[in-house]
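The values are calculated or read from the model by the stated rules, or taken from the named source; none is laboratory data. None of these values were measured; they are calculated from a predicted model. Every residue, glycine as well, gets a Cβ built from its backbone with ideal geometry; the counts of neighbours run over all protein chains shown. Heavy atoms of the whole protein, side chains included, go into the accessibility calculation; ligands, DNA and RNA do not. Shrake-Rupley method; radii C 1.70, N 1.55, O 1.52, S 1.80 Å.
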Amino acid sequence: MALASPPPQTLVVFGASGDLARRKLLPALYDLGYEGLLPERYAIVGSGGSRLDDADFRERARTGVEQFARHRLDDARWRAFARELSYVVAPLDDPGAFGALRERLAGLDADLGAGGRRLFYCATPPSAFPTIVRRIGEAGLGEQARIVVEKPIGQDLASARELDRIAREVFDEPQVFRIDHYLGKEAVQNILVFRFANAMVERAWSRDVVDHVQITVAESVGIEQRGRYYEEAGALRDMVQNHLLQILAFVAMDPPDSLAPEDVRDRKAEVLEAVRPLSPHEVVRGQYTAGVVEGREAPGYRDEQRVGPESTVETFVAARAWIDNARWQDVPFFLRTGKRLPHRTTEVSIALREPERRLFERVGIARLPPHHLAVRVQPDEGISLVFRAKEPGPGMALDAVPMDFSYGNSFRTRSAEAYERLLYDAMAGDQTLFLREDAVERSWEIVAPVLDAPGSVQPYAAGTWGPSAADDLIAPRAWRAG
Ligand code: BG6
């Protein structure tokens with residue numbers, strides 16, 4: 001089905017000279033333009049404290065597009081895109097600065113016939129958010145607008161509530177788009193289709209058939225240049241509170257009444273409500289020490305830039321979570337994420353219960369080969385079902401064999417980047433893949449016991465799968481992705 005273009009509007013990117021804008025947002029917007037998915041009439045206004053002019057901003061955008069866009073830079077398309085880019089200097093510490101922005105937006109509104117429709121994108125450090133909202137309010141720019149906010153939303157439940165209170169001074173909930181970019185990933189969205197469009201799968205999707213679930217988000221990179229941020233976040237705030245719990249919600253939610261945004265978000269909220277707050281004795285925290293990752297030497301976390309030499313911030317978390325509802329009672333959900341693990345992989349593994357064993361014991365087969373269902377989110381997106389088959393030949397011997405779906409082989413197009421999908425949805429006003437405030441708050445409640453009583457952090461060498469306590473946590477089962 002061809003998608004409609006969103007209505008005419010202006011997109012305002014705060015923090016436009018920063019990394020997120022250059023690496024993700026501007027390339028994603030260029031790619032949307034390439035696919036014909038930008039509004040017929042639009043403008044992109046970069047804004048921030050940096051003293052750039054329109055030409056500087058276009059030049060930065062061009063280098064971002066060259067390096068990071070999915071489609072190669074094509075001169076004619078680039079010129080058309082660049083014409084719509086401009087920059088307004090608006091330092092947040094200057095209360096009058098939004099006057100210039102207001103003027104620019106009024107002019108653009110008239111030219112585009114956008115009727116005040118605009119999308120503000122906060123690509124700034126989280127601490128800038130309250131001031132941005134207030135300045136938008138003071139300048140009277142919020143009425144027809146939507147605002148996109150990046151995670152992390154707060155540091156804990158209390159600060160998330162405070163941010164929401166501030167946002168509500170200017171915006172209503174339907175105007176606020178809280179991004180968790182994992183929900184923009186094609187293979188995460190496909191979890192819902194796989195489950196609800198295939199009755200066979202949905203019937204099997206419960207404690208009757210599932211022994212346990214593993215969700216692994218492993219990264220081989222370290223903290224890159226983000227020491228200052230990471231020292232305040234750690235893996236619990238950076239990954240578990242949002243990306244892992246959001247994947248869990250898609251895996252575990254009940255079928256929604258429809259695919260309309262509020263129906264999907266209601267079911268997600270319900271399942272998060274049923275997730276028991278993590279118990280510190282079911283959580284393992286780790287921190288990487290020096291090691292070798294993908295053949296290259298990597299420093300320990302404490303030797304990274306802007307990290308304290310005695311830091312106890314975790315770069316790895318493994319947790320056992322429980323969902324107290326009829327579908328998942330007593331089925332453990334194992335969550336695992338870490339930096340500087342052996343390689344990058346995000347995978348959901350659904351381990352299946354064992355069948356009646358006597359049938360096979362009688363013919364001398366004491367143990368059946370492992371079987372499970374794996375949803376690969378990245379890289380090599382796809383789904384595999386590993387099931388048991390009879391080996392050809394006389395007698396009865398079993399082997400595990402895969403049934404494999406991979407996006408690369410089945411669909412000819414390359415998946416869009418998460419930010420393309422999410423920017424498109426935000427411009428079109430569809431909140432399905434964005435976080436609702438109740439889900440954000442509940443996610444903070446789920447991790448709160450561990451934030452409040454952190455316990456010890458165990459070292460693991462870069463290039464390994466985390467501390468051995470993570471294996472003890474899942475025993476007698478074993479982690480699958482790896
Ligand atoms: C971000 C985290 O939200 O997600 C980063 O802040 C992490 O620490 C990143 O590296 C991972 O995203 P992706 O899309 O590369 O898996």
List, in order, the whole-Hz ³J(HN,Hα) value for each residue of the stretch 168-175 obtained from phi through the Karplus relation with A = 6.51, B = -1.76, C = 1.60 and θ = phi - 60°; use x for Gly and Pro.
6, 5, 10, 10, 8, 3, x, 8
Note, the stretch 436-448: 3J(HN,Hα) by Karplus (6.51, -1.76, 1.60, θ = phi - 60°), whole Hz, Gly/Pro = x, goes 8, 4, 5, 5, 4, 5, 4, 5, 5, 5, 5, 8, 3
What is the list of residues in the stretch 103-139 whose amide nitrogen lies under 11 Å from a point 7 angstrom out from the Cα of E169, following Cα to Cβ?
130-138
In the neighborhood of P91, defined by Cβ-to-Cβ distances under 13 Å, what is the net charge if each Lys or Arg adds +1 and each Asp or Glu adds -1?
0
Surface share of carbon and sulfur [accessible, 1.4 angstrom probe, percent] for the stretch 171-278
51
Quote the FRET efficiency, to the nearest 0.05, computed for R228 versus M200 with a Förster distance R0 of 41 Å and r equal to the Cβ-Cβ distance.
0.25
Tell me, what are the semi-axes, in whole angstrom and largest first, of the equivalent ellipsoid of the chain as set by the roots of 5 times the Cα gyration tensor eigenvalues?
42, 26, 22
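When ligands, DNA and RNA are left out and all protein chains stay put, how many square angstrom of accessible area per residue does the chain have with a 1.4 Å probe? Mind dumping the intermediate values first?
Values: 21560 Å² over 482 residues.
Solvent-accessible surface per residue comes out at 45 Å².
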Roughly speaking, what is the stretch gain from D380 to S258, that is 0.36 nm per residue apart minus the C-alpha to C-alpha distance, in nm to one decimal?
41.0 nm
For the stretch 1-91, radius of gyration divided by Kirkwood radius, i.e. Rg to Rh on alpha-carbons
0.96
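Grab the Cα-Cα distance for A478 and L73, subtract it from 0.36 nm times how many residues apart they are, and report the gain in nm with one decimal. Write out the running numbers ahead of the final one.
Details: separation 405, 0.36 × 405 = 145.80 nm, distance 4.53 nm.
Taking A478 through L73 to full extension adds about 141.3 nm, to one decimal.
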P(r) of the stretch 314-459 over all Cα-Cα pairs, binned every 5 Å from zero, in whole percent:
2, 6, 9, 12, 14, 16, 15, 11, 6, 4, 2, 1, 0
Please give the peptides 20-28, 380-388 ranked by average Cβ packing (other Cβ atoms within 10 Å per residue), highest first, as a rough proxy for protection.
20-28, 380-388
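Between D211 and H281, take the C-beta separation as r, use R0 = 25 Å, and let me know the FRET efficiency to the nearest 0.05. Spell out each step's value before the answer.
Details: r = 22 Å, r/R0 = 0.87.
For D211 and H281, the calculated efficiency is 0.70.
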So, in Å, what gap is there between the alpha-carbon centers of the stretch 379-430 and the stretch 152-193?
28
Taking 7 Å along the Cα-to-C-beta vector as the label spot, tell me the Q155-D452 distance in nanometres, rounded to one decimal.
1.7
Using 1/(1 + (r/R0)^6) with R0 = 22 angstrom and r between the beta carbons of T63 and V89, what's the FRET efficiency to the nearest 0.05?
0.65
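Based on alpha-carbon positions alone, could you give the equivalent ellipsoid semi-axes of the stretch 182-313 from the gyration tensor, as √(5λ), descending, whole Å?
Details: eigenvalues 246, 50, 45 Å².
With the √(5λ) rule applied to the stretch 182-313, the semi-axes are 35, 16, 15 Å.
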Tell me, in nm to one decimal, what length is gained between V292 and A110 on full extension, where the rule is 0.36 nm per residue of separation less the Cα-Cα distance?
59.8 nm
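How big is the convex hull of the Cα atoms of the stretch 44-197, per residue, in Å³?
Hull volume over Cα atoms, normalised by residue count, gives 168 Å³.
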Enumerate the lysines that K268 could reach by cross-link, defined here as Cα to Cα under 22 Å, with residues fewer than 8 away along the same chain left out.
K151, K185
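For every helix of n ≥ 4 consecutive DSSP H residues, a contribution of -39,500 (n - 2.57) applies; sum these over the chain, divide by its total residues, and give [θ] at 222 nm rounded to the nearest 500 deg cm²/dmol. Each step should come with its number before you reach the end.
Numbers: 16 runs with 161 residues, N = 482.
Computed mean residue ellipticity for the chain: -10000 deg cm²/dmol.
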Would you mind counting up the charge near G116? Only other residues with Cβ under 9 Å from its Cβ, with Lys and Arg at +1 and Asp and Glu at -1.
0
Of every hundred units of 1.4 Å-probe accessible area on the stretch 13-104, the number belonging to carbon and sulfur atoms, as a percent, is 42
